[in-house]
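A quick write-up on the structure given underneath.
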Amino acid sequence: MTDSSDSPGYKAPAVHRAFQLLTLVANSPNTFNLTGISQKLGVSKSTTHGLIQALLDMDLLEQHPDKKKFMLGPAMIDLAMSSLNFIGIHERVQPYLNELRNQTGETIFLGMLSRSRGTILATAESPRSINISAKPGASIPLMAGAVGKIYLASLPESQAAAVIRKQGLPRFTPNSIIDEQAYLAEVAHARTCHYALDNEEYLPGIRAVAAGIGKHQGVFLAVWLVGFSGSMTEDTIPGMIEHIRDTVSTLKSVLLTK
């Protein structure tokens, strides 16, 4: 008796369906629930449920706080970071990050965000002798200042509130916003104005401005600029906001337009 897995024509249906499921979630601008995924894959709900549970267990999928819809998980982001095709984003965005850096004098980051963290894909360091820096591949907690606010602003208010309750609001600094309603007010402002601010809420003496790009291959991308409070003042931040908005508008056409 021979093992059929050794034959050239052997196929693993579960692996194939899991790949189809991940591809469906990655390529869709919308999120799917169990029924929607089952219909798209053409398999039963019980089979789909088993696939989803396995992918959740491996962090390849994440479940929305409402427990009904699904998105790519942090393990998929790690895989994306290891993919040369995804890292190719660096070459496409670097000129625009450099331009934003030159306009503001601050360090610029482009990264992908999930419900647990932000992972840096590309950077343009400030020319200042003392600056803020981090290499591609480095990650920060989701609730770290402006990054978390701009990500949550991409979600409906109820889902944003559920993420806050799940993640908690850590007190990184004395300026950290740990009151849920006050934080949600910041998120609402980011949702309306399309940018978020960090006023020394993650690191003492450090401010930031963040703006969302949107989903690229199923992963939410954002740009944020970071600098010392001495250079990011009430007088300079409004101009930085305008510059980052212009950059995000350009990057949307570069990354999201097929």
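Overview of results
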| quantity | calculated |
| --- | --- |
| On Cα atoms only, tilt of 13-27 relative to the major axis of the chain in degrees | 30 degrees |
| Degrees, to the nearest 10: 157-167 long Cα axis against longest axis of the chain | 90 degrees |
| Estimated FRET transfer efficiency when R0 is 30 angstrom, pair LYS45-THR23 (beta carbons, to 0.05) | 0.95 |
| Modelled FRET efficiency - R0 51 Å, MET58 with GLN94, Cβ distances, 0.05 increments | 0.95 |
| Among 161-171, 103-113, the order from most to least packed when residues are scored by Cβ within 10 Å on average | 103-113, 161-171 |
| On Cα atoms only, tilt of 89-104 relative to the major axis of the chain in degrees | 10 degrees |
| THR236 paired with LEU256, simple spin-label distance in nm, labels 7 Å along Cα-to-beta-carbon | 2.9 nm |
| Residue order, fewest to most surrounding Cβ atoms within 10 angstrom, among ASP198, ASP246 | ASP246, ASP198 |
| For the range 137-187, radius of gyration divided by Kirkwood radius, i.e. Rg to Rh on alpha-carbons | 0.94 |
| Longest to shortest principal axis, alpha-carbon extents of the chain, angstrom | 75, 39, 29 |
| Residue order, fewest to most beta carbons within 10 Å, for LYS135, LYS40, LYS215 | LYS135, LYS40, LYS215 |
| Convex hull of the range 80-195 built on C-alpha atoms - directionally averaged projected area, nm² | 8.2 nm² |
| Among 118-125, 232-239, 147-154, 184-191, the order from most to least packed when residues are scored by Cβ within 10 Å on average | 147-154, 118-125, 184-191, 232-239 |
| Which listed pairs, of LYS135/LYS166; LYS45/LYS68; LYS68/LYS252; LYS215/LYS252; LYS45/LYS69; LYS166/LYS215, have C-alpha distances above 18 Å, in listed order | LYS135/LYS166; LYS68/LYS252; LYS166/LYS215 |
| Extension gain, HIS194 back to ASP179 (0.36 nm per residue minus Cα-Cα distance, nm) | 3.2 nm |
| Charged-residue dipole, Cβ positions (Lys, Arg, Asp, Glu), the chain about Cα centre, Debye nearest 20 | 780 debye |
| Set of aspartates and glutamates with alpha-carbon distance to LYS149 below 13 Å, sequence-local pairs under 8 removed | GLU157, GLU180, GLU186, ASP198, GLU201 |
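We did not get these values from a lab; they are worked out from the coordinates using the rules stated. Everything numeric here is computed off the predicted structure, so don't read it as measured data. Here Cβ is always computed from backbone atoms with ideal geometry, including for glycine, and neighbour counts include all displayed protein chains.
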